[in-house]
Amino acid sequence: MSLSRDQIAKRVAQELQDGFYVNLGIGIPTLVANYVPTDMEVMLQSENGLLGMGPYPTEDNVDADMINAGKETVTAVTGASIFSSAESFAMIRGGHVDLTVLGAFEVDQNGNIASYMIPGKLVKGMGGAMDLVAGAQNIVVTMTHADKRGNSKLLASCSLPLTGVDCINKVVTDLAVMKIENGAFHLLERAPGVSVEEIIEKTAGKLIVPEFVPEMSFE
Amino acid sequence: MAGFDKVVDTYEQAMSGLTDGMTVIAGGFGLCGIPEGLIAQIKTMKTSGLTFVSNNCGVDDFGLGILLQEKQIKKMISSYVGENAEFERQYLAGELEVELTPQGTLAEKMRAGGAGIPAFYTATGYGTPVAEGKEVKEFNGRQYILEESITGEFAIIRAWKADKMGNLVYRDTAMNFNPMAATAGKTTVVEVEEIVEVGELKPMEIQTPGIYVDRIIKGSFEKRIERLTLAKN
């Protein structure tokens, strides 16, 4: 079975380490916050200028001046700090964020990512995505392995305009976990019940498959 | 106005000198931390052909969106603009110019502009459509693109508190682009929730020093929420 959005988030949460500063993009990445292990401390960075983003507020605590990068009302955790957009992107561009998780339309075997623009459709903008992929040392992309028509999103070369070049290390899809290294995807894990053959079939880029591919574990 | 007292009483005074074709740097992220009354005043003034430098362009009936409806904006320099149907219509009809700029690059363009730095190199956007036509230079084995900074005839920003000399404090994430915008305007106008006496703000807590601020007006804010999200239970 392919993973649900929440299961993808749960698997990405295994990439977290105690003491990490983490930036979570919009969509599936946001869900990762729900699966931070209870024995671990992480600080969530929101690029509009908040380090230490907390959960959504109760009705009594809603404050229009307290939002995240998705423009949602949020709270700040104890120990949080608030700063300007320039300061926020100094953290991001300067490589101070330990882990960045974001979505994409396409990723290719050279670590290029396309995530903000589909020609012919209205371009809404890249927001902070280009800065995030340029600055982070450690980026995990979450997405479905193939689009609704079954076309692979893991390509030899991205077909859409790029968000960044040679910057993606790891991809977690509904079917598999892969790292990107030396011009190829390397299959690390498969979703429970998903065959290696299905992953090979749905990966258009170069895929290195080891002899044994473990199933993801959610323990 | 006497000495360092920068407080004005009317929105006409706050925005006087703004004329057609000027560039305006605006603080705010989405609808958070926007100078609502100053935007409304620009609508009243019917100034047109404006270039706005702002992370977003409001929604159809609020924020900078109200200036789009009146066709007062010629060009937007923004990182994300998708929240607005009239924006889409004007853009697709070729009535509105848009320069999409990565969010961190946009913040840095304002910061550098205000700091007298004409351009800077950044890795952001290298190898993407943003890099088209820009100089590329290698530092320590990595490729960077040259981005030019931005200044404007006006900057319009929102702060929480100002003293009469224009020393500013922001409230929570309503800070966002406001401190950089404040530095990048030839004339910087700040709309605040509260004006306090000089001396009430401690020197070390001031987030924007008054030297960047030219005019202060006390506003009253709707503070519209773009996406209300609540804790479950």
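The values are calculated or read from the model by the stated rules, or taken from the named source; none is laboratory data. Being a predicted model, the structure only gives us computed values, none of them experimental. Cβ coordinates were reconstructed from backbone atoms using ideal geometry, including for glycine residues, and neighbour counts include every protein chain displayed. Protein only, heavy atoms only, side chains kept; ligands, DNA and RNA dropped before computing areas. Shrake-Rupley method; radii C 1.70, N 1.55, O 1.52, S 1.80 Å.
What to note about this one:
- For segment A:1-59 versus segment B:1-54, the gap between their alpha-carbon centres in whole angstrom: 38
- The calculated FRET efficiency for A:Asp147 paired with B:Glu148, based on their beta-carbon distance and R0 = 41 Å, is about 0.65.
- With the highest mean first, a sort of the peptides B:45-57, A:17-29 on other beta-carbon atoms found within 10 angstrom per residue produces B:45-57, A:17-29.
- The protein assembly as shown - Kirkwood radius from inverse mean 1/r over Cα pairs (Å): 22.9
- Highest-first arrangement of B:128-138, B:31-41, A:65-75, where packing means the average Cβ count within 10 Å: B:31-41, A:65-75, B:128-138
- Using the Cβ-Cβ distance between B:Ala85 and B:Arg224 with R0 set to 22 Å, the FRET efficiency works out to roughly 0.85.
- Less than 5 angstrom separates the built amide H of A:Gly164 from those of A:Ile113, all sequence-distant by 5 or more or on a different chain.
- Within chain B, no whole DSSP H helix has Cα atoms reaching 20 Å or more along its own axis together with a mean Kyte-Doolittle score of at least 1.6.
- Of the accessible area of chain A, computed with a 1.4 Å probe over protein heavy atoms only, carbon and sulfur atoms account for 48 percent.
- Shielded by partner chains, segment A:43-71 residues - at least 50 Å² of accessible area, 1.4 Å probe, vs chain alone: A:Asn48, A:Tyr56, A:Ala64, A:Asp65, A:Lys71
- In this structure segment A:5-206 gives 40 Å² per residue of accessible area when probed at 1.4 Å with all protein chains present.
- Amide N of segment A:126-165 lying under 15 Å from the label point, which is placed 7 angstrom from the Cα of A:Ile200 along Cα→Cβ: none
- Per-residue mean of C-beta atoms belonging to partner chains within 10 Å, peptide A:158-171: 3
- Burial of 20 Å² or greater, segment B:153-189 residues [accessible area, probe 1.4 Å, versus chain by itself]: B:Arg171, B:Asp172, B:Thr173, B:Met175, B:Asn176, B:Met180
- Rg/Rh for segment B:97-158, where both radii come from Cα atoms and Rh is the Kirkwood radius: 1.00
- Built amide H within the under 5 Å cut-off of B:Gly58, gap 5+: B:Leu64, B:Gly65
- In summary, the convex hull built on the alpha carbon positions of segment A:5-206 has an orientation-averaged projected area of 12.2 nm².
- For the residues of A:93-105, the average number of beta carbons from a partner chain within 10 Å of their own beta carbon is 1.
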